[in-house]
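Novice: Here you go, one structure.
None of the figures in this text is laboratory data; all of them are computed from the coordinates on show. This is a predicted model, so every value here is computed, not measured. Positions of Cβ are generated from backbone atoms using ideal geometry, with glycine treated the same way; all protein chains shown enter the neighbour counts.
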Amino acid sequence: MSVAGEQQLAKLLELRRPFEEAQIGLLPRVTCPDCSDKRKKCENKSHIRKRCPECNATVSPKHIHIDFVGHANVTKRLLEVDPLWTWEPFALDENGLPQVDTDNFGNPVGMWIRLTVCGHTRPGYGSVPSNQHDAIKVLIGDAIRNAAQRFGVALEQWITGEREIPEAENAVHDPGRRAMPAKQRAADAAVVVDSEWVAEFEKRLGEAPLEQVGAFRQDVIDAMKTQRINSDTANRLLAAVKQRTEALESVTATGLPANKDGSVSRSKLSDEELAANGLMTKQQVKDHNKMVKDTIANPKLAERSNGVDAEDERWMKGGAKS
């Protein structure tokens, strides 16, 4: 092998360097297909999402853990070895954008890329669940990690996560929230929760109208940054904000049950309740719809009269009685 080849090989081997413990988190992977599919509702009551004390993610308890090195740390490793590394999609669409795989609803769920490091190119595939927020951004990060693994980046974490736990091979990815690095977990555990602030927050939240509830999320984030609360308390308060929002959205301004678009949920009211609130009863709606349907199906031309009755003639003559 030439000197240049040996130098290139040495650089590629640097990609295999182990990552520090603080750079490794736990990624939850849901093994229940119904829990992982947002379009389905898992009927198993024991699969209700809750916070996992091990990975710190709010996720179905039917999940496993895989050691995980994030996109930022993988990118840092690539830059250390080859500052000129590049990636490109396998194909472009008609608009010149990366070609992605989509689900039945047109949501991006997968993308093939080519990753080039030190002059060598290897493929990678990124995937995300349907309806993933910022799907393209997440796809790129996942694809780069996947392709980098072909060069040996964080390979030990992939082996630990997938080979030691056979069911992980077919596990369904659930983004959840990645576990904190070790140093951050230690700092979070040292936070002394301001119980007075939490009590005041919960009191204000319980009295807040719908248009003000959204601001409470920022209050929780600010409290986390100033270390008034730890991550467990923050997660609990954020869940309370969500519950308060859903409770307020479930009724109209007049206190009637509401649909997601804010309209009255007629199916949840009896005929007596509908009538008492000035709304058509179910039979009235049925009759109204039938009348509209009949009118559309059998249109009739309006009849015009050429005759003039006595009253009209009086006004045509200036109002004087004949």
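Novice: Hey, got the dipole for region 1-132? About the Cα centre, +1 on K and R Cβ, -1 on D and E Cβ, debye to the nearest 20?
Specialist: Working: 17 positive and 16 negative charges, 134 e Å.
The calculated dipole for region 1-132 is roughly 640 debye.
Novice: Note down the nm distance, to one decimal, between modelled labels 7 Å out along Cα→Cβ at Val193 and at Ala215.
Specialist: 2.5 nm
Novice: Have a look at Ser127, Leu84, Cys42 and report the one farthest towards the positive end of the charge dipole of region 40-130, computed about the Cα centre with Cβ charges (Lys/Arg +1, Asp/Glu -1).
Specialist: So the residue furthest toward the plus end is Cys42.
Novice: I want the local charge near Arg204. Using Cβ-Cβ distances under 12 Å, sum +1 for each Lys or Arg and -1 for each Asp or Glu among the other residues.
Specialist: Values: positive: Lys203, Arg244; negative: Glu200, Glu202, Glu207, Asp219.
With Lys, Arg at +1 and Asp, Glu at -1, the neighbours total -2.
Novice: Let me ask something else. Need the full-extension length gain, Asp232 to Thr121, defined as separation in residues times 0.36 nm minus the C-alpha distance. One decimal, nm. Walk me through the numbers before you get to the answer.
Specialist: Numbers: separation 111, 0.36 × 111 = 39.96 nm, distance 4.29 nm.
In short, 35.7 nm is gained.
Novice: Which value in nm describes the separation of the simple spin-label points at Gln283 and Arg204, placed 7 Å from the Cα toward the beta carbon?
Specialist: 5.2 nm
Novice: Using a basic spin-label model with each label point 7 Å from the Cα along Cα→Cβ, how many nm lie between Thr58 and Leu13?
Specialist: 4.8 nm
Novice: Return the whole-Å distance between the Cα centroid of region 1-67 and the Cα centroid of region 73-105.
Specialist: The two parts, judged by their Cα centres, are 20 Å apart.
Novice: Evaluated at 37 °C with a viscosity of 0.692 mPa s, what Stokes-Einstein diffusion coefficient in µm²/s does region 193-240 have when Rh comes from the Kirkwood expression over alpha-carbon pairs? Intermediate values should be presented prior to the final figure.
Specialist: Values: Rh = 10.7 Å.
The estimated diffusion coefficient comes to 307 µm²/s.
Novice: First select every other residue whose beta carbon is under 15 angstrom from the beta carbon of Leu92; then total the charges, Lys and Arg +1, Asp and Glu -1.
Specialist: Numbers: positive: Arg114; negative: Glu88, Asp93, Glu94, Asp101.
Local charge sum for Leu92: -3.
Novice: Could you tell me which of the pairs Lys50/Lys203; Lys11/Lys76; Lys41/Lys225; Lys45/Lys242; Lys40/Lys203; Lys41/Lys290 are separated by over 26 angstrom between their Cα atoms in the structure shown? Working shown, then result.
Specialist: Details: Lys50/Lys203 24 Å; Lys11/Lys76 14 Å; Lys41/Lys225 35 Å; Lys45/Lys242 21 Å; Lys40/Lys203 35 Å; Lys41/Lys290 36 Å.
Pairs exceeding 26 Å: Lys41/Lys225; Lys40/Lys203; Lys41/Lys290.
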